[in-house]
Amino acid sequence: MNDIIWITMRQMRSPLIVLLLVYFLSILVLVFVPGEDARGLPVSMSVLDAAYFVAILSTTIGLGEVPFPFTGAQRFLVLLILFPNVIAWLYSIGAMLRLFVDPRFKAVLERNRFRRQVRWIGEPFYLICGFGQSGSMIARGLIKRGQRVVVVEQDPDVVGRELLHDQFAHMPILTGDSTNRENLELSGLHKDNCCGVIAATNDDHANLTIAITSKLLEPDLPVYARCANQRVSANLDSFGTDQVVDPYEIFAGRLFLALASPEKYLVQDWLIAVPGAPLRKALKPPSGHWVVCGAGRFGSRIISALERAGQHITVIDVHPERIKNYPEGVLGRGTQAATLEEAGISEAVGVVAGTGDDIDNLSILLTAKELNPDLFMVARQEQQQNDALFVASGAQLVAQPTLIVARRVLGVSTTPLLKTFLEHLVHQDKDFANRARHLLHERLGDRAPVIWVNDLSAEAARGVIATCEEGIEPQLDHLLHNTRSGHDEQLRCVCLVLERGAQRFFLPQPEQTLKAGDRLLFAGRSDARDEITRALADPVLLLDYVTPDNMPRTALGRWLKRRQSPR
């Protein structure tokens, strides 16, 4: 508010001084020049009458001569003060209009409005730094999950474009540098209900700055940072960043998993897919000779993953210094047929279009497919607007860094147990993956699941607590059935993890007992989530389901029932 007053007074100081001087001098002149009343006697105007007349004169309203018709001298005087008053008013109005369109004044108004919006947020919220493709995807995902979001974005064009979407219309967005400490503090960094900071800009160094600032000012606050540079990534890990999201490393790891264990890759793909999307079929990349076009940050990680999987690789790159690192390297872009043929594309089983240009990658795919129609094609896509082009290209795997970052951040921030399950899945044998695949397909059909966590705390699990108080041990199987149905209706969901203190049970058996304080990770339909949440929150539903008789809804009624029929 002080900034608004300071800018206003700085811009309006001269116009206000001129306006006040002209106004008061005009009043004094009218007061000291006498007129005549209705009887022709001399009379002087009062200060109030003079102020009233100058006001209607200078604003060009012109309601007439008050309190009596003017004499010739008074009318001559009015002619003299008329133009200075009108000019002073126009000068002041012009200065006021310049103030309203001043970018600094508008920025201060927006900043104060943003400060008020953040101050009045009472629910838990996430602070997102960067509102590009990744940041907007993360914001949409958090909003769909019922979370509040505060955004800091440096580019005003990006802010203006995203504010056109209805879901972002009332979301607090600050246009400013997200690496600035004051902007982070203004965005609620120190508020108790801030759940975490998400650094999702396209600049790795900016994300590093945001992470360091957040960890220094709020050491206990979770920080999730996007980074595609291995040196910066190691720096982020060194001071305890909760999650460093390297989209290229994540994709390379998934490619290796698809080559090494298609079953594990399929289960992982189902669990990280957009809820409701069709479940993909098993993906089995072939083994043999691969041609990788581009050995930069993305390509180098893909090459490492292919080498770990025991594949034979030929690298194509336009930079001679990179080609020196690979025994079988070809200098070129890979967009020309001659370069691909030199790399042995005719005998290859797969090709990776991994340059930093989407059009070059599409050209590589089309040229390679024409030379060898049976290729397994992997592509890198940087621009979201090219989705339809990469779908039409026929590539079996497409690396979309923005989508990878959004999925990983949403998974880690809202359902951290999912990351635990996926890491456990990677290190288990094929039997565990097949069991998970069978359960998910049996319960979910052909659509990707919703992932959620139920905490069996005192507030959220009164059903479990009430059942335990009755001397009955509730089991997981009880939750996996519709407690409101008179039939044996199994809910369309799978319990992936049961966490009890330091213990974790993966794909727990239906007869697993439940205790207060447990945390359960589920994958299933949204209606199953609602039924489980309802059964946990209601003190009677679960108890009534696990006992043969209908139980009273009140604690007193249940106590009287126990007295009447003791066990």
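The values are calculated or read from the model by the stated rules, or taken from the named source; none is laboratory data. Small disclaimer: the values here were computed from a predicted structure and weren't measured. Quick reminder, even Gly has a Cβ in these numbers, built from the backbone with ideal geometry, and neighbours come from all protein chains shown.
State whether one or more residues within the stretch 270-280 are buried (at least 21 other Cβ atoms within 10 Å of the Cβ), touching a residue at least 24 places away in the same chain (Cβ under 8 Å), not assigned by TED's automatic domain parsing to the domain that holds ASN229 and not hydrophobic (A, V, I, L, M, F, W, C).
no
What single numbered condition from (1) among the acidic types (Asp, Glu); (2) over 29 Å from ASP203 (Cβ atoms); (3) part of a loop (DSSP other than H, G, I, E, B); (4) in contact with a helix residue (DSSP H, G or I) (Cβ under 8 Å, 6 or more places away or on another chain) fails to hold for GLU382?
(2)
What pairs come out if I take residues in the stretch 517-534 that are at negative phi and pair them with residues that are assigned to a strand (DSSP E or B) and polar (S, T, N, Q) whose C-beta lies under 7 Å away, six or more apart or interchain?
Once the first residue is at negative phi and sits in the stretch 517-534, its partners that are assigned to a strand (DSSP E or B) and polar (S, T, N, Q) give LEU520/ASN454; PHE522/ASN454; ILE532/ASN454; THR533/ASN454.
Examine the stretch 401-423 for a residue that is crowded, with 16+ Cβ neighbours inside 10 Å, in a strand (DSSP E or B), assigned by TED's automatic domain parsing to the domain that holds VAL267 and modelled with pLDDT of 90 or more, and state whether such a residue exists.
no
Given the options ALA337, ALA343, ALA348, name the one that is farther than 15 Å from ARG297 by Cβ and in contact (Cβ under 8 Å) with a residue 60 or more places away in the chain.
Of the residues listed, the single one that is farther than 15 Å from ARG297 by Cβ and in contact (Cβ under 8 Å) with a residue 60 or more places away in the chain is ALA348.
Give the stretch 208-223 a look and list any residue that's within 19 Å of PHE125 (Cα to Cα) and either buried (at least 22 other Cβ atoms within 10 Å of the Cβ) or over 19 Å from the mean Cα position of the chain (by Cα) (or both), or say none.
Quick first cut of the stretch 208-223, residues within 19 Å of PHE125 (Cα to Cα) only: 210-211, 213-215, 217-223.
Within the stretch 208-223, ILE210, ALA211, THR213, SER214, LYS215, LEU217, GLU218, PRO219, ASP220, VAL223 meet the criteria.
Here are VAL118, VAL101: which of them is β-branched (Val, Ile, Thr) and at pLDDT below 85?
After applying the criteria, what remains is VAL101.
Going by the conditions given, is ALA379 at pLDDT 95 or above and out of contact with any Pro (no Cβ under 8 Å at 6 or more places or on another chain)? Steps first, answer last, please.
Details: at pLDDT 95 or above: yes; out of contact with any Pro (no Cβ under 8 Å at 6 or more places or on another chain): yes.
Answer is yes for this residue.
Would you confirm whether any residue within the stretch 288-299 is at pLDDT below 95 and either under 29 Å from TRP452 (Cα atoms) or polar (S, T, N, Q) (or both)?
Among the residues of the stretch 288-299, not one is at pLDDT below 95 and either under 29 Å from TRP452 (Cα atoms) or polar (S, T, N, Q) (or both), which makes the answer no.
Do we find a residue being touching a residue at least 60 places away in the same chain (Cβ under 8 Å), under 28 Å from ILE212 (Cα atoms) and either crowded, with 23+ Cβ neighbours inside 10 Å or not assigned by TED's automatic domain parsing to the domain that holds ALA338 (or both) anywhere in the stretch 291-304?
Yes.
Applying the selection to the stretch 328-360, what residues are part of a loop (DSSP other than H, G, I, E, B), crowded, with 17+ Cβ neighbours inside 10 Å, over 40 Å from the mean Cα position of the chain (by Cα) and not small (Gly, Ala, Ser)?
Result: ILE345, single match.
Just name the residue that is nearest to LEU444 (Cα to Cα) out of those in the stretch 516-549 that are assigned to a loop (DSSP other than H, G, I, E, B) and either at pLDDT below 90 or polar (S, T, N, Q) (or both).
So, considering only residues that are assigned to a loop (DSSP other than H, G, I, E, B) and either at pLDDT below 90 or polar (S, T, N, Q) (or both), the one nearest to LEU444 (Cα to Cα) is ASP538.
Could you pull out the residue among ALA436, ALA395 that is surrounded by 21 or more Cβ atoms within 10 Å (Cβ to Cβ), at pLDDT 90 or above, in contact with a strand residue (DSSP E or B) (Cβ under 9 Å, 6 or more places away or on another chain) and within 30 Å of ASP203 (Cα to Cα)?
After ruling out the rest, the residue left standing is ALA395.
When residues of the stretch 147-168 are filtered for being within 13 Å of GLN133 (Cβ to Cβ) and either in a strand (DSSP E or B) or not assigned by TED's automatic domain parsing to the domain that holds ASN193 (or both), how many remain?
1
Residue check: is ASN207 closer than 22 Å to MET171 by Cβ, part of a helix (DSSP H, G or I) and outside the structural domain of ALA282 (by TED's automatic domain parsing)?
Yes: the conditions hold for ASN207.
Please determine, by comparing only the residues of the stretch 224-248 that are of a type in the set (Gly, Ala, Ser) and in a loop (DSSP other than H, G, I, E, B), which one is nearest to the chain's Cα centre (by Cα).
As a first pass, look at the stretch 224-248 and keep what is of a type in the set (Gly, Ala, Ser): 225, 228, 233-234, 238, 240.
The next check asks that each one be in a loop (DSSP other than H, G, I, E, B); those that pass are 228, 240.
Working: ALA228: 19, GLY240: 22 Å.
In this case the residue turns out to be ALA228.
Check ILE61, ILE121, ILE138 and return the single one that is part of a loop (DSSP other than H, G, I, E, B) and closer than 30 Å to THR179 by Cβ.
Matching residue, one of ILE61, ILE121, ILE138: ILE121.
If I ask for residues that are in a helix (DSSP H, G or I), surrounded by 14 or more Cβ atoms within 10 Å (Cβ to Cβ) and not small (Gly, Ala, Ser), which ones from the stretch 26-36 would you list?
Listed by number, the residues that qualify are ILE27, VAL29, LEU30, VAL31.
Of everything in the stretch 37-56 that's loosely packed, with under 15 Cβ neighbours inside 10 Å and touching a strand residue (DSSP E or B) at 6+ places or on another chain (Cβ under 9 Å), which residue is nearest to VAL78 (Cα to Cα)?
By that ranking, first place goes to SER44.
Which one is nearest to SER92 (Cα to Cα) among residues in the stretch 37-53 that are in contact with a Leu (Cβ under 7 Å, 6 or more places away or on another chain) and not in a loop (DSSP other than H, G, I, E, B)?
Only one residue tops the list, namely PHE53.
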